[in-house]
Amino acid sequence: MVSNTDTKANNLMKKKLLIFALIMFVFGFALVPFYEKFCEVTGVNNLLQPDVRVKENRVDEARWITVELDANTRGLPWQFKPLQSSVKIHPGEPVDVMYEITNNSDREINGQAIPSYSPRNLEKYLKKFECFCFTKQVLKPNETRQMPVQFVIEPDLPPEIHTVTISYTFFELPDGASAIRK
């Protein structure tokens, strides 16, 4: 037979568990905007931001910026290069550039490109829509692949900046490793 104190204890436990479940449910929903804001502030994942081409079609045609493109590898038997060394653009204008990579070895290799930018804090104004750096690349022996990068440099870029550099360095990923999102 269940005593009155056991019933009260059970009801109290049910209330505590219900409150805990409700708090966890609200916490789960609160994490999404928190994560998006964190990514926006740190520049971790530009893909979370809305498509600037659709949201804002403001192009500063009175100004030109030269975008220098650079490519490197570290410890990989790959040849990696942009198909053009630079592009001249208006701020706010969507840009498509192409990189080419070749695996010069006789084995399949996993790699990932890590971007770096100059001048410092360029990532605040650079919005990428498509980039091979977001995913692990697997190249078969002697395979050559062309990979696009689509981006825009926002018109808010300080007016004293006339040249920027976008550089990618490919590193080998161990077998089974997943891509690093940046």
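The values are calculated or read from the model by the stated rules, or taken from the named source; none is laboratory data. Predicted model, so just to flag it, every value in this text is computed and none were measured. Don't worry about glycine lacking a Cβ; one is built from the backbone with ideal geometry, like all the others, and counts go over all protein chains shown.
May I ask you to verify whether Asp60 is surrounded by fewer than 17 Cβ atoms within 10 Å (Cβ to Cβ) and of a type in the set (Asp, Glu)?
no
Go through (1) out of contact with any strand residue (DSSP E or B) (no Cβ under 6 Å at 6 or more places or on another chain); (2) among the acidic types (Asp, Glu); (3) part of a strand (DSSP E or B) for Glu68 and report which single condition fails.
(1)
Is it the case that the stretch 141-149 has a residue that's of a type in the set (Asp, Glu), surrounded by fewer than 18 Cβ atoms within 10 Å (Cβ to Cβ) and under 20 Å from the mean Cα position of the chain (by Cα)? Can you show your working first?
Within the stretch 141-149, the subset of a type in the set (Asp, Glu) is 143.
With the extra rule that they be surrounded by fewer than 18 Cβ atoms within 10 Å (Cβ to Cβ), the set shrinks to 143.
Within this subset, residues satisfying the condition of being under 20 Å from the mean Cα position of the chain (by Cα) are none.
No, the stretch 141-149 contains no residue that is of a type in the set (Asp, Glu), surrounded by fewer than 18 Cβ atoms within 10 Å (Cβ to Cβ) and under 20 Å from the mean Cα position of the chain (by Cα).
When residues of the stretch 127-141 are filtered for being in contact with a Lys or Arg (Cβ under 7 Å, 6 or more places away or on another chain) and modelled with pLDDT of 90 or more, how many remain?
2
Being farther than 21 Å from Val59 by Cβ, surrounded by fewer than 15 Cβ atoms within 10 Å (Cβ to Cβ) and of a type in the set (D, E, K, R) narrows it down to one of Glu160, Glu108, Glu172, so name that one.
Being farther than 21 Å from Val59 by Cβ, surrounded by fewer than 15 Cβ atoms within 10 Å (Cβ to Cβ) and of a type in the set (D, E, K, R) holds for just one of Glu160, Glu108, Glu172, which is Glu108.
Of a type in the set (Phe, Trp, Tyr), modelled with pLDDT under 95 and touching a helix residue (DSSP H, G or I) at 6+ places or on another chain (Cβ under 6 Å): is that true of Tyr117 in this structure?
The answer is yes for Tyr117.
Looking at (1) at pLDDT below 85; (2) touching a strand residue (DSSP E or B) at 6+ places or on another chain (Cβ under 6 Å); (3) of a type in the set (A, V, I, L, M), find the lone condition where Leu76 falls short.
If we test Leu76 against (1) at pLDDT below 85; (2) touching a strand residue (DSSP E or B) at 6+ places or on another chain (Cβ under 6 Å); (3) of a type in the set (A, V, I, L, M), just (1) comes out false.
Restricting the search to the stretch 95-105, which residues are surrounded by fewer than 18 Cβ atoms within 10 Å (Cβ to Cβ) and either assigned to a loop (DSSP other than H, G, I, E, B) or among the polar types (S, T, N, Q) (or both)?
Thr102, Asn104, Ser105
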